[in-house]
Number of protein chains: 2
Amino acid sequence: MATQPTHVFDAAIALASTEEGHYRGHTHPAYGNMVGPFGGVIGASLLNAVMQHPLRLGDPLSLTVHFAAPIADGGFSVQARAVRTNRSTQHWYVELIQHDEVAAFATAVTAVRRETWGTLDAVFPAVPPADSIAPVAPIARAAWTAAYEMRFADGIPGAPDTPSASSESRLWIRDEPARPLDFLSLSAICDAFFPRIFVRRPKWVAIGTVALTTYFHADAAQLAAQGSAPVLGLARALNFRKGFFDQSAEIWSAAGALLATTHQVVYFKE
Amino acid sequence: MATQPTHVFDAAIALASTEEGHYRGHTHPAYGNMVGPFGGVIGASLLNAVMQHPLRLGDPLSLTVHFAAPIADGGFSVQARAVRTNRSTQHWYVELIQHDEVAAFATAVTAVRRETWGTLDAVFPAVPPADSIAPVAPIARAAWTAAYEMRFADGIPGAPDTPSASSESRLWIRDEPARPLDFLSLSAICDAFFPRIFVRRPKWVAIGTVALTTYFHADAAQLAAQGSAPVLGLARALNFRKGFFDQSAEIWSAAGALLATTHQVVYFKE
């Protein structure tokens, strides 16, 4: 019998349950960043603690991750608890503990979705199809960039490609190697947009995401329909001031469904 | 000696400290909503628990509020703890407990801001000045609407005023009576934009904010410079689907400073 090999993303976010809501995890070298692990995989690991929880109701609706302190490569524990459970929504609090201190924490909402009226007001970005754009090379000093295939329509960091002073990037992105999209990988992709300051001002400075919030617009069926095809991301910042900037992104399917929107506040040194 | 009378907003968010990080609060009839209290004042009360905490470092940078369950009119307790304190940032978790259950909770980041490079990429909305637009009448069944003065340039709920099917509103807003802006009142104003579904589709349905995240771009000096003048809000939604929609807003000073950006996910019944 053939066994499906474990995708490196699943290996990186794997949690071993020790008791209900308690887990052990470990950083993975394939998702290393310049210092410590790539935040998107940390956030996905915290969401995974909710996904694996026996009391979970429904699918992810929102996720907020606080990167409270540097995370060292190595092991950590995760504790997830349902703070409040309603009829169709559930609110979560999750902590990542390393060396006896909280290094990251998250809140989340899971929800049972129902058929209702709906309409899409956001506009699908007009970009060339993914297969018409060459992928960029990974960045050697940030291992995680090799775990994604990124095809930029515009806004490659460090190479401003528009006459306007814009922080915007539009790119096709998927896991590398390809992996069927789910809430976990989508949550990580939401943190895979390079810091806008490197697009807006091509100068290297130390940066770090402080807190990130993602809203999942897609349900499980929409994600399943996506398969392992690239998603289209549009990322931009609004304001850089006194050591912090904001960054927002939309994640679209090629078919024009808005899968997620995400927002973060990022520290920058100077 | 003359005594400054307490503004109704300050009365509504008042917390009595019982021990370090533990407080008692009470809903205020001036900020009642159709069911229970106006969420903006609940969020401001949770932020107030951080503001009053003796261990607080710096000023608010981000605030995420989970409206986990209906809040009844009456008393509640609040518990705030610093989850992690760094050199210039601090991460908070705050719970509002009513009838022995968590009815709302929040995470926040406070930070010490430093002078750095900066640039504003967002575009100040071109609207007529506040004093050229008449305020709208409060909505009788939502008491809190009388606690704000709102002057709409466009996007009055229930009265679509553009040929396009837009969920966008642009309005000048301030506390009524006027009150000098601070982080607390700004956090509440971030939740004072009417649910976008009422702008997009003029039909009354039950709605409720599930979770809200606000980024404070302004520092205390910018807020002090604002005084009690109206701020300019621009709110819009991107997607309405299967019982939930997102909603984002920018809050500007009349002088063109971006004071805050805010995002929320909202439940709607049908």
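The values are calculated or read from the model by the stated rules, or taken from the named source; none is laboratory data. Not measured: the values here are computed from a predicted model. For neighbour counting, all protein chains shown are included, and Cβ atoms are generated from backbone atoms with ideal geometry for every residue, glycine included.
Quick notes on this structure:
- Looking at region B:8-105, the strands (runs of 3 or more DSSP E) lying wholly inside it that each contain 2 or more residues that are in contact with a Ser or Thr (Cβ under 7 Å, 6 or more places away or on another chain) and more than 14 Å from chain A (Cβ to nearest Cβ) sit at B:22-26.
- Any hit, region A:225-235, residues being more than 13 Å from the chain's Cα centre (by Cα), modelled with pLDDT of 95 or more, facing chain B (nearest Cβ under 9 Å) and surrounded by 22 or more Cβ atoms within 10 Å (Cβ to Cβ): no
- Among residues of region B:11-56, those that are in contact (Cβ under 8 Å) with a residue 40 or more places away in the chain, closer than 18 Å to B:ARG174 by Cβ and surrounded by fewer than 18 Cβ atoms within 10 Å (Cβ to Cβ), counted: 1
- Condition met for B:VAL78 (in contact with a Lys or Arg (Cβ under 8 Å, 6 or more places away or on another chain), of a type in the set (A, V, I, L, M, F, W, C) and surrounded by 20 or more Cβ atoms within 10 Å (Cβ to Cβ)): yes
- Residue match in region B:111-123 (condition: touching a helix residue (DSSP H, G or I) at 6+ places or on another chain (Cβ under 8 Å) and closer than 30 Å to A:GLN247 by Cβ): yes
- Members of region B:196-220 found to be within 10 Å of another protein chain (Cβ to nearest Cβ) and among the small types (Gly, Ala, Ser), listed by number: B:GLY208, B:ALA211, B:ALA218
- Within region B:109-127, the set of residues being touching a residue at least 24 places away in the same chain (Cβ under 8 Å) and within 9 Å of another protein chain (Cβ to nearest Cβ) comprises B:VAL109, B:ALA111, B:VAL112, B:ARG113, B:ARG114, B:LEU120, B:ALA122.
- Residue that is touching a Lys or Arg at 6+ places or on another chain (Cβ under 7 Å) and under 30 Å from A:THR110 (Cα atoms), where the choices are A:PRO195, A:PRO125: A:PRO125
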